[in-house]
Every structure is written in structure tokens, then in C-alpha cells.
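Here the structure comes first, spelled out in C-alpha cells, and everything after it is commentary.
Nothing in this text is a laboratory measurement; each read-out follows from the coordinates by a stated rule. Bear in mind that the values here come from a model prediction, so they are computed numbers and not experimental data. Heads up, the Cβs are rebuilt from the backbone with ideal geometry, glycines too, and the neighbour counts pull from every protein chain shown.
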Amino acid sequence: MTTALITHADCLNHVTPDGHPERVARLEHILHALEPLDLKRVTAPMAAEDDILRIHPAGYLDGLRNSLPSEGWRQIDGDTFMSPGSLDAAFRAAGAAVRAVDMVLGGDVGNAFAAVRPPGHHAETDTAMGFCLFGNAALAAKHALDHHGLSRVAVVDFDVHHGNGTQDLLWDEARALVITSQQMPLWPGSGRPDEDGAHNNILNMPLAPGSGGAEMKAAYETQAFPRLRAFQPELIIISAGFDAHQDDPLANLNWSTGDFAWITAELCKIANETCSGRIVSTLEGGYDLNALSAATKAHVEELMKAAE
């Protein structure tokens, strides 16, 4: 088996204002770093409208279409912008998540990484925020559950910012276990341990500013991994944000590139135990270009090792 890399050039056409941290160069650096790797390269399709409507209401989608500018940018929340290519990019990002689930569950590949933007884990049911338009990880989970008929899907989010959107979208979904680690305090301010979902299906693990790999590993080994193994997921979806890196400018955790390799390898180990290694990973944050590309490459290399 192999690892799929799913992406599309449309994701480079989501253009943000000069100086914005979520910029085209993020994906360009990632694709350059992954170029030497022996991956199954797949063109991301456009998500169908019905895919988006699994998690977002029609009125929300209509609002995004009405907000799409014909030139320049339109600011749709405090730090989220749309350019003329943004909606196509978002549909490709969502389509990549759906295609990844289809390929992994269909046995075409062992696992998959969606190298896409805009990211998704801050998009709530009817609110775009935090650079995000569609909830890609939540959509992947719902597609696996509703379209493929799975009974248990886990989402693990190790982005430095809390995945408030994924939490919101899957709050009432008893078939999904959502596990997130995030710096606290930090924007968006959610992610307390008592935010545990309608069915005790959400595990939030706040990490203190200035903490590093040792604290992260302790949290995952004592809390996240036992919950994952007890849940026995049929698929693991990773919201792969790399902004907990010690070089990232938007937060204050001190993970190394090796820490991202470690957490990926451990999740692959649990996937091998519980669901025949089936993992879908989708890109979230990470804003220092060198740290982002190095950590993403380490993440994908661990996925490749697991898929061999």
C-alpha cells in the first residue's frame, strides 16, 4: 500500500492580503518539500454541494457565494478573507477530504494526506472564522459515517489553536470521537476540558504556553491514546496543524519537528491496532514556512512508513 497526496492548484488561488499569515506560500513550500517523496499523487475534485450540506446549512453556503468578490479581497470576519478564487479553493479542500476518505476506505491506499487550503477546523456550522470556510475534517468524518456506513470515526486535532469548528460540527455526533490538544489561553478561547460534547464524545487537552514535546507526549499517552483505543475507531482523521512548532510566530508552544513525527507515528500505531491503519490527514495551520514544510514532511514520511 501507499500514501496518497491529494491537492489541487486551485488551492493556490485563495489569495489573502499582503502580510496575512495564511498565504499562498504555505502550500507552495509544503508541495516543494514533498516533491521528492514517492507518493500517489491525486488531483482533488470539487466537493459536491451535497457534501458541504452534510455539515453546513444552505443559507451559509449562499452567504459565502454572495460574499465572493470579483476582484481584490472581501473580509468576512476579523481575520478571514475571500478573494475571487477562494470558494473554488474551499470546494477543492473539502473535495480532497472526501476523496481521501473514499480512497482509504476503498483500499486504494493505506492512508492519505490532503495538502489544501483554506484550512477548516475553525469553521463552525454557520460561521466562517480563523482563516476557515468549510469544516474539512468534520466533513470527512460525516462522509465516512453517512456515506460509507461506518459506526465509529475519531478526529484528532493537534493544531495549536483549538478546533472550535470541528467541535461545533460534531458536538451532537455520538458516532464521532473528537480529541484536540491546544495551547490555552490562546485564540479562539474555547477548548476547556468541560467542553465534552453532547455524548461525552469530545476530549479537550489544554497545554500551557511555553510547554513542549514532553508535556504533549504526557497528555496524549495518559488521556488521548487510552480514549482512542477504548473507542476502537474504524477510521482516524487528523487535523494536521503545525503551528505548535517552536518557530511558529502565532503561538507559544515549543514542539520540535521530531515531536510531529512522534505523534504521527503513535497515531499510525493505534490505527494499525484498531482500523487496519486507515488514516486521513488534512492540513490545518502552521505559519513559519520552514518549520511548516519540515514538520509536514516529517508527518507525511511517518504516514508513508505506516502504509508500507
Checklist entry - Among (1) out of contact with any strand residue (DSSP E or B) (no Cβ under 8 Å at 6 or more places or on another chain); (2) of a type in the set (Gly, Ala, Ser); (3) farther than 25 Å from ASP50 by Cα, which single condition is GLY191 missing? => result (1)
Next on the checklist: Just to be sure before I move on: is GLU273 more than 18 Å from the chain's Cα centre (by Cα) and assigned to a helix (DSSP H, G or I) in the structure I sent?
Outcome noted: yes
Checklist entry - Residue check, ARG117 against (1) under 18 Å from ALA240 (Cα atoms); (2) charged (D, E, K, R); (3) assigned to a helix (DSSP H, G or I), all met but one. Which one? => result (3)
Checklist entry - Picking from ARG26, ARG99, ARG41, ARG54, which residue would you name as being farther than 21 Å from TYR287 by Cβ and either part of a helix (DSSP H, G or I) or in contact with a Ser or Thr (Cβ under 7 Å, 6 or more places away or on another chain) (or both)? => result ARG99
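Considering only the range 225-264, state which residues are of a type in the set (A, V, I, L, M, F, W, C), over 17 Å from the mean Cα position of the chain (by Cα) and buried (at least 16 other Cβ atoms within 10 Å of the Cβ).
Those that are of a type in the set (A, V, I, L, M, F, W, C), over 17 Å from the mean Cα position of the chain (by Cα) and buried (at least 16 other Cβ atoms within 10 Å of the Cβ): PHE225, LEU228, PHE231, LEU250, ALA251, LEU253, TRP255, TRP262.
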Checklist entry - of a type outside the set (Ser, Thr, Tyr), assigned to a helix (DSSP H, G or I) and touching a residue at least 24 places away in the same chain (Cβ under 8 Å): does that describe HIS20? => result no
Item to check | Scope the range 35-53; condition of a type outside the set (Val, Ile, Thr), out of contact with any Leu (no Cβ under 6 Å at 6 or more places or on another chain) and surrounded by 12 or more Cβ atoms within 10 Å (Cβ to Cβ); matching residues | outcome: LEU37, LYS40, ALA44, PRO45, MET46, ALA47, ALA48, ASP51, LEU53
Checklist entry - Can you name the residue in the range 157-188 that is under 18 Å from ILE55 (Cβ atoms) and β-branched (Val, Ile, Thr) and, of all such residues, is nearest to the chain's Cα centre (by Cα)? => result THR166
Next on the checklist: Considering only residues that are in a helix (DSSP H, G or I) and either of a type in the set (Phe, Trp, Tyr) or surrounded by fewer than 24 Cβ atoms within 10 Å (Cβ to Cβ) (or both), which ones fall in the range 134-166?
Outcome noted: LYS142, LEU145, ASP146, HIS147
